[in-house]
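The values are calculated or read from the model by the stated rules, or taken from the named source; none is laboratory data. Given the structure is predicted, the values throughout are model-derived calculations rather than measurements. Here Cβ is always computed from backbone atoms with ideal geometry, including for glycine, and neighbour counts include all displayed protein chains.
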Amino acid sequence: MKSIELSVVLCSKSSSSSVIQAVNRLCKLTYHKKWELVIVECSNKDRKHEIMHFIAPGSKGPRVIYRREKSMQLIRAKNKGWKCSKGEVIIFMEDRHIPQLNYLQEITSIFDENEIVGFVAGRVKTAGEASLFDNKNESDEPIFYPFRSFLDPALNHTVHLSVKRKAIKDVGGFDPLFTSDSIGAHGIAEMDIMSRLLFTGWSGFYSPKIVCTDREADLEEVIPSKRKALIESHGAYFAKFLLDKRSRSIFAENYYSRLQSQDFKSKTLLELKGAASYLFQRYIHLPIRNFF
């Protein structure tokens with residue numbers, strides 16, 4: 001790719017002031033090519049004029065598009081965002097994410113250098129010691145994920161995902177079944193889409209130079225219900241990929257290894273609950289696309 005038109009899809013369920021702060025942070029990022037910012041608010045109220053009024057206009061800044069998602073579901077907001085965007089590369093963010101200044105440049109440079117890479121993930125940072133995620137990927141070394149790689153949801157967590165437009169079209173976008181409280185926990189929908197790309201002909205890349213602070217993961221006291229939901233979402237993730245013949249053997253082998261080392265009551269039972277919840281949701285929504 002010699003030139004990239006970049007789209008940043010910013011989704012929010014927060015107040016308009018949080019969105020404005022996030023937009024102003026993004027507009028300060030170092031990037032010298034043409035790009036656009038697609039704001040998708042999960043809100044029953046149209047706050048377009050309120051938000052756009054506070055966005056400083058400038059010829060060097062991004063083209064700004066505003067959309068509203070009435071369902072109040074971030075996954076559906078992300079799907080709406082990428083479908084109305086124009087960029088060859090699409091970056092998904094939420095208003096709680098604080099990227100470093102070179103964030104956009106680091107992402108596009110990887111896609112420029114790797115034609116077979118369909119997604120790029122980066123490091124998630126938290127300011128405090130307590131975190132919702134015990135095993136964030138904090139490797140100082142870049143990681144290349146070849147076709148048919150297994151991604152452990154506990155070790156490869158990311159919530160700021162970048163994808164090629166062609167790649168996300170190949171898998172149809174985010175799976176809307178990962179929207180409920182029990183199986184749609186923090187970041188699992190991103191893990192799902194990365195794994196689907198790896199089993200449909202694409203490769204992936206993790207770069208430690210792509211850094212984003214996630215304020216929601218930075219907790220003074222980790223909320224037990226959120227940690228429980230995160231474990232349940234892992235079960236849903238495994239259930240989905242065990243259903244498909246392209247990924248079944250690899251996921252079965254890795255889940256068997258997982259069972260040997262984890263506590264049955266604190267983790268395995270919760271994962272089984274999440275798997276059952278996902279299978280039930282998939283059964284009652286049979287008419288919709290299976291998003292693999």
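In segment 113-131, which residue that is acidic (Asp, Glu) and at pLDDT 90 or above is nearest to Ser195 (Cα to Cα)?
Residue satisfying both the conditions and the ranking: Glu115.
Of the residues Ile51, Ile65, only one is among the β-branched types (Val, Ile, Thr), over 19 Å from Ala121 (Cβ atoms) and out of contact with any Ser or Thr (no Cβ under 7 Å at 6 or more places or on another chain); which?
Result of the check over Ile51, Ile65: Ile65.
What residue, among those in segment 245-278 that are hydrophobic (A, V, I, L, M, F, W, C) and surrounded by fewer than 16 Cβ atoms within 10 Å (Cβ to Cβ), is modelled with the highest pLDDT?
This residue is Ala252.
Looking at Thr200 and the list (1) part of a loop (DSSP other than H, G, I, E, B); (2) among the hydroxyl-bearing types (Ser, Thr, Tyr); (3) at pLDDT 90 or above; (4) closer than 17 Å to Glu94 by Cα, which single condition is not satisfied?
(4)
Would you pick out the residues in segment 240-279 that are under 17 Å from Phe292 (Cα atoms), of a type in the set (S, T, N, Q) and without any contact (Cβ under 8 Å) to a residue 24 or more places away in the chain?
Matches in segment 240-279: Ser249 only.
I need the helices (runs of 4 or more DSSP H) fully contained in segment 16-95, keeping only those with at least 2 residues that are over 23 Å from Ala167 (Cβ atoms) and touching a residue at least 60 places away in the same chain (Cβ under 8 Å).
Qualifying helices (runs of 4 or more DSSP H): 16-27.
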